[in-house]
Each structure stands twice: as structure tokens, then as C-alpha cells.
Amino acid sequence: MDRRKALKYSGNLAAIAITAPSLLSLLQSCNQVHRPDWQPEFLTSGEAEFLSNFVDTILPKTDTPGALDVKADIFLDKVFAHLYDAEGQENLRSEILRFNQKCQSNFGKDFSQLSTSDKNQFLRSEEENSGQFGRGVWGTPVGPQEEIGFYRSLKSMTLWAYLSSKEIGENVLNYDPIPGAYDGCVPLKEIGRKWSL
């Protein structure tokens, strides 16, 4: 690895170490917000409505809580407000606008106003036409990364917010706050649900 790449990776690790406490405090602050009282910190009311509809369409409530139940949209609004710089925030606003304009041209309505079946149809189309995340080894990309676009990026953030929530970590995924002995040879059928880290 050349020196430039090593410095870049060191900088990324430092950024993660610096922002980790901020993310933890954002996660904890979402637990104190009641949905009817929610006033977005960064998003406009229309953008917040779009985000709530987007996360709910990606992860609706089934036999497990949905994205709205764990306040994924509220958490993402806090991330946009506190961790995005001015350029990133402006880019996010223009991408939401562009996404809604696509909906307008296809269905004559903004994403939030579409029926559930039309939302799903539109997201399937976006899924097919967006770039894929490249392969990686332990978080390090291997090979070139194609442009993933707004849809896939926001979907990934939605999944991250959902899986980072206390409710999902403790009650949906397996959770062991005090892990015991290591057993490296366990049949997969005995493991069951995925584990919360």
C-alpha cells in the first residue's frame, strides 16, 4: 500500500473515531422524541414527509417493527443536520427534489402521495437502474466502485439506521450483552437469527 492510501485510510479511521460518540448521542436522542411532536432539525416538512414515506416503504411494519417504529427517519434527519456539511446538505435537498420530479413524470404525484403499490413499483425501477455496492474485504473496497446514486445510498442509510436501533438490536436480532465462550464449530441451524453486534 502506498503512503497516500495509508494516510487516506488513517484519516477515515480517525473520522469514524471522532464521529462515533456523535452517532451514539444521536441514536439516544431519538428515543426521547415522540412522533406526533417531531419537528425535523434539518429537513423541511415536505422533505421529512418524503423521508418518512421512503423508510416506511423500504422497511414496513410486519411481524417485526418497521422503520417508522424505530424512528429511522428521525435519526436520519439528525444525521443530516449534525454530520453533513453544507455542500452535503444542499446535495441531499436537490436529490430529494430530483427523486420527486421523477415520480411526478412517471405518476403525476410526489413520492409521498403515491399509493403503496405505486411506491413499490417506483422503488423496484430505481433498484434496477441504480449502481451496486462493490465487493469489499473487512470494510475496504476491492476494485472500482460504480456510482451508486441517491436511491441506493438512502436505502443503505435506512437499513443502517434500522439495524442500529435499540429495539432491533435487542429484540429482533440475537443479542448477548456479555458474550460467553467461543465455539467455532456450530451448525448453522442452531444459530438461528442474525446477531446484533
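The values are calculated or read from the model by the stated rules, or taken from the named source; none is laboratory data. Quick caveat: nothing in here was measured; it's all calculated off a predicted structure. Here the Cβ is made from the backbone with ideal geometry for all residues, glycine too, and neighbour counts use every protein chain on show.
In table form, for the structure just shown:
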read-out: Those residues of segment 137-182 which are in a helix (DSSP H, G or I), among the hydroxyl-bearing types (Ser, Thr, Tyr) and surrounded by 14 or more Cβ atoms within 10 Å (Cβ to Cβ), in sequence order; value: Tyr151, Ser153, Thr158, Tyr162, Ser164
read-out: Residue in segment 114-121 that is surrounded by 11 or more Cβ atoms within 10 Å (Cβ to Cβ) and assigned to a loop (DSSP other than H, G, I, E, B) present; value: yes
read-out: Residue check for Tyr182: farther than 30 Å from Glu47 by Cβ and of a type in the set (Phe, Trp, Tyr); value: yes
read-out: Residue list for segment 73-101, filter: basic (Lys, Arg) and at pLDDT 95 or above; value: Arg93, Arg98
read-out: Answer residue from segment 103-151, given it is of a type in the set (Lys, Arg) and without any contact (Cβ under 8 Å) to a residue 12 or more places away in the chain and is farthest from Ser52 (Cα to Cα) among those; value: Arg135
read-out: Ala48 assigned to a helix (DSSP H, G or I) and touching a Pro at 6+ places or on another chain (Cβ under 7 Å); value: yes
read-out: Any pair with Cβ under 7 angstrom, 6 or more apart, that starts in segment 71-93 at a residue that is under 16 Å from Thr158 (Cα atoms) and touching a residue at least 60 places away in the same chain (Cβ under 8 Å) and ends at one that is of a type in the set (Asp, Glu) and crowded, with 20+ Cβ neighbours inside 10 Å; value: none
read-out: Total residues in segment 19-72, condition among the charged types (D, E, K, R) and at pLDDT below 80; value: 2
read-out: Selection within segment 177-197 - among the basic types (Lys, Arg) and modelled with pLDDT under 75; value: Arg193, Lys194
